[in-house]
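The values are calculated or read from the model by the stated rules, or taken from the named source; none is laboratory data. Quick caveat: nothing in here was measured; it's all calculated off a predicted structure. Note: ideal-geometry Cβ built from the backbone for every residue, glycine included; neighbour counts use all protein chains shown. Ligands, DNA and RNA are stripped out before the accessible areas are found, and what is left, the full protein with its side chains, is counted by its heavy atoms. Shrake-Rupley method; radii C 1.70, N 1.55, O 1.52, S 1.80 Å.
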Number of protein chains: 2
Amino acid sequence: MGTVGKAISLLELFTVDEPELGLSDLARRSGFDKATTRRLLVALTGHGFVEQDAATRHYRLGAGLSRLARIREARFPFLQTAVPLVRDLAASTAETVHLSEFGVDALVTVHVEHPAWANRVNIDIGQLLPLHSTASGIAYLAFARDETVKACLTGSLKAFTTHTLIDPAAISTSIAETRDRGYSICDQGFEEGVISVAAAIRAADGFALGTIAVAAPNARTTPAAIAERGLAVMAAAREISMRLNGENLQTLRRQA
Amino acid sequence: MGTVGKAISLLELFTVDEPELGLSDLARRSGFDKATTRRLLVALTGHGFVEQDAATRHYRLGAGLSRLARIREARFPFLQTAVPLVRDLAASTAETVHLSEFGVDALVTVHVEHPAWANRVNIDIGQLLPLHSTASGIAYLAFARDETVKACLTGSLKAFTTHTLIDPAAISTSIAETRDRGYSICDQGFEEGVISVAAAIRAADGFALGTIAVAAPNARTTPAAIAERGLAVMAAAREISMRLNGENLQTLRRQA
DNA sequence: AAATAAGGGTTCAAATAATGAACCAACATC
DNA sequence: GATGTTGGTTCATTATTTGAACCCTTATTT
């Protein structure tokens with residue numbers, strides 16, 4: 001791994017649950033030498049990617065990341081466009097609705113709306129969603145580039161629950177069904193007791209760039225509810241795609 | 001400069017105005033060799049910090065940045081905390097109120113509320129505010145670390161208008177006055193016809209981490225209005241600081 | 001109160017990764 | 001078909017990164 005990759009993997013050690021880490025801790029978790037870790041942190045700090053708490057000497061992610069993220073968002077207003085529709089969908093379904101964007105080889109949760117229920121599905125921003133075992137992942141794959149699908153199916157497929165599909169052929173079938181239906185259904189493939197439906201949000205070239213999903217406890221989920229949520233999530237995804245692409249759905253080449 | 005710094009300075013070439021750049025362009029602007037530039041871009045792409053457009057082969061900032069930025073905001077809820085007070089201040093002053101956070105060597109605008117007036121001051125999110133020539137910058141410097149102030153005053157000081165203070169001694173005086181008064185006043189130092197007042201938002205260690213400012217056309221600005229807005233912006237900054245630091249103003253060591 | 005462990009930070013010879021001039025292929029322009 | 005531009009690649013040379021051992025300070029233990 002190059003030095004740049006090492007620096008970035010240091011950044012990736014920070015999570016919502018552990019947003020501040022000490023030098024030794026970072027060195028231990030990354031596997032890098034303490035001196036190396038420190039040098040990388042100093043470099044990152046110099047550009048605002050990392051900040052050091054003056055009192056505890058612990059490190060945390062810096063404001064420079066927010067700035068670049070905002071520049072990206074200005075060109076690619078995925079969040080601004082999608083969040084209002086995520087809210088609407090959360091209000092109408094009264095279940096957890098989450099929005100994700102494709103990252104390196106998984107989907108990244110970028111926004112979540114939780115319902116008022118005590119018994120609800122909780123998802124954190126930043127949570128990574130594997131492609132093969134989540135409703136969002138399957139919805140994404142249904143409109144992803146062939147290379148992406150191939151890379152996913154030929155990689156190692158982890159079973160998160162006893163319900164997780166790990167047979168490439170079965171997953172391919174699920175993807176094909178999703179493409180026909182317009183939304184995906186994932187019955188406890190990622191977490192026991194959670195049933196999700198999702199639909200792909202697509203760029204002007206017709207390929208998926210993210211997903212919107214509704215996740216609910218299976219206690220509150222009937223086949224009729226699945227179909228209802230599926231149609232709603234599909235409509236929301238379609239609306240977001242249209243708004244992103246200048247109201248012009250004709251430009252979506254690979255339509256289902 | 002280390003390799004990590006080079007990689008980050010590549011990222012910093014992307015702006016709101018030019019969010020997508022080609023390889024040769026990036027190499028030219030960064031001053032790095034084309035091979036070096038490419039290798040850095042590949043490393044960054046591998047972690048989702050940049051993406052390459054499949055059609056144009058141009059590069060843009062990636063979703064990995066958004067993910068990390070969100071993790072930061074989850075721990076350090078600057079925006080969540082401050083936005084309600086920005087709204088309140090915008091409502092009570094009926095002028096443009098903007099919130100900024102310190103980046104590497106300037107303030108970054110992270111939130112703006114505009115009034116209903118047709119004649120108003122417009123500010124974009126992401127806009128960089130120089131430290132020496134804006135109300136926000138002076139307010140920040142009044143409670144910044146000595147190194148930061150020194151670095152600012154010894155650097156080159158650009159005059160944006162005929163009113164911009166570019167004499168280090170004059171700026172120092174303005175900083176000292178701001179520290180005593182509790183808020184800064186900038187009369188057309190950044191843009192003709194705009195008068196702003198600002199106050200520093202401070203971390204638990206007492207040092208500034210950002211600012212809140214009211215910007216108004218000078219046509220609507222009297223000395224009395226300046227004083228009124230100054231007191232309001234100071235109160236808002238104080239409230240945000242307190243909420244960020246757990247309601248405990250005692251921890252603000254460097255009080256005015 | 002001395003000993004021990006753990007954390008943050010630093011040093012410098014040795015090892016390794018980054019560099020860049022020259023190169024290819026593709027496309028556009030003249 | 002000659003010329004310029006862009007994206008991308010190669011490999012001997014060069015410069016940066018590496019990490020064991022080090023210091024200092026702050027708990028914790030004996």
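Consider segment B:95-111 and keep the residues that are more than 7 Å from chain A (Cβ to nearest Cβ) and more than 8 Å from the chain's Cα centre (by Cα). The one that is surrounded by the most Cβ atoms within 10 Å (Cβ to Cβ) is B:V97. Check whether at least one residue in segment B:174-188 is surrounded by fewer than 19 Cβ atoms within 10 Å (Cβ to Cβ) and assigned to a loop (DSSP other than H, G, I, E, B), and report yes or no. For segment B:174-188, residues surrounded by fewer than 19 Cβ atoms within 10 Å (Cβ to Cβ) and assigned to a loop (DSSP other than H, G, I, E, B): present. Only a single criterion out of (1) in contact with a helix residue (DSSP H, G or I) (Cβ under 8 Å, 6 or more places away or on another chain); (2) crowded, with 22+ Cβ neighbours inside 10 Å; (3) modelled with pLDDT of 90 or more is not satisfied by A:H114, namely (2). Residue-level check: of (1) over 17 Å from A:I71 (Cβ atoms); (2) facing chain A (nearest Cβ under 9 Å); (3) within 11 Å of DNA strand D (Cβ to nearest atom), B:E20 misses just (1).
Give the residue that is surrounded by the fewest Cβ atoms within 10 Å (Cβ to Cβ), with candidates limited to residues of segment A:208-239 that are over 21 Å from the mean Cα position of the chain (by Cα) and not in a helix (DSSP H, G or I). By that ranking, first place goes to A:T222. Is it the case, given these coordinates, that B:A159 is open to solvent by less than 10 Å² (accessible area, probe 1.4 Å) and assigned by TED's automatic domain parsing to the domain that holds B:L131? Considered against the rule, which asks whether it is open to solvent by less than 10 Å² (accessible area, probe 1.4 Å) and assigned by TED's automatic domain parsing to the domain that holds B:L131, B:A159 comes out as no. Taking (1) under 27 Å from B:Q127 (Cα atoms); (2) at pLDDT below 95 in turn, A:G2 satisfies each apart from (1). Among the criteria (1) open to solvent by 20 Å² or more (accessible area, probe 1.4 Å); (2) at pLDDT 90 or above; (3) not assigned by TED's automatic domain parsing to the domain that holds A:A142, the one A:S92 does not fulfil is (3).
Within this structure, A:T15 fails the test of being within 12 Å of DNA strand C (Cβ to nearest atom) and either farther than 25 Å from B:L107 by Cβ or open to solvent by less than 60 Å² (accessible area, probe 1.4 Å) (or both). May I ask you to verify whether A:A63 is more than 13 Å from DNA strand C (Cβ to nearest atom), under 23 Å from the mean Cα position of the chain (by Cα), among the aliphatic types (A, V, I, L, M) and within 11 Å of another protein chain (Cβ to nearest Cβ)? Spelling it out, A:A63 is indeed more than 13 Å from DNA strand C (Cβ to nearest atom), under 23 Å from the mean Cα position of the chain (by Cα), among the aliphatic types (A, V, I, L, M) and within 11 Å of another protein chain (Cβ to nearest Cβ). Residue pairs whose Cβ atoms lie under 6 Å apart, separated by 6 or more positions or on different chains, with the first residue in segment A:41-53 and closer than 18 Å to B:L107 by Cβ and the second outside any helix (DSSP H, G or I) and open to solvent by less than 40 Å² (accessible area, probe 1.4 Å), are A:G48/A:G62; A:G48/B:G103; A:F49/A:G62; A:E51/A:R60; A:E51/A:G62. Scanning segment A:139-156 for residues that are open to solvent by 40 Å² or more (accessible area, probe 1.4 Å) and of a type in the set (A, V, I, L, M, F, W, C) yields a count of 1.
Among the conditions (1) within 16 Å of DNA strand C (Cβ to nearest atom); (2) open to solvent by 20 Å² or more (accessible area, probe 1.4 Å); (3) facing chain A (nearest Cβ under 7 Å); (4) in contact with a strand residue (DSSP E or B) (Cβ under 9 Å, 6 or more places away or on another chain), B:R75 misses just one, which is (1). Residue check: is A:Q80 in the same structural domain as A:L99 (by TED's automatic domain parsing) and open to solvent by 60 Å² or more (accessible area, probe 1.4 Å)? Against the criterion (in the same structural domain as A:L99 (by TED's automatic domain parsing) and open to solvent by 60 Å² or more (accessible area, probe 1.4 Å)), A:Q80 qualifies. Checked against (1) within 11 Å of DNA strand C (Cβ to nearest atom); (2) more than 10 Å from every other protein chain (Cβ to nearest Cβ), B:G5 passes all but condition (2). Scanning segment A:122-131 for residues that are open to solvent by 20 Å² or more (accessible area, probe 1.4 Å) and of a type outside the set (D, E, K, R), which turns out farthest from B:R72 (Cα to Cα)? Here the residue is A:P130. Scan segment B:32-41 and give yes if some residue there is open to solvent by less than 50 Å² (accessible area, probe 1.4 Å) and either under 19 Å from A:R75 (Cβ atoms) or more than 9 Å from DNA strand C (Cβ to nearest atom) (or both), otherwise no. Yes - at least one qualifying residue is present in segment B:32-41.
Residue check: is A:D25 on the phi < 0 side of the Ramachandran plot, open to solvent by 30 Å² or more (accessible area, probe 1.4 Å) and within 12 Å of DNA strand D (Cβ to nearest atom)? Criteria not met by A:D25. Suppose the filter is among the hydroxyl-bearing types (S, T, Y), under 30 Å from B:T173 (Cα atoms), more than 14 Å from chain A (Cβ to nearest Cβ) and not in a helix (DSSP H, G or I); does B:S133 pass it? Judged against the criteria, B:S133 is a match.
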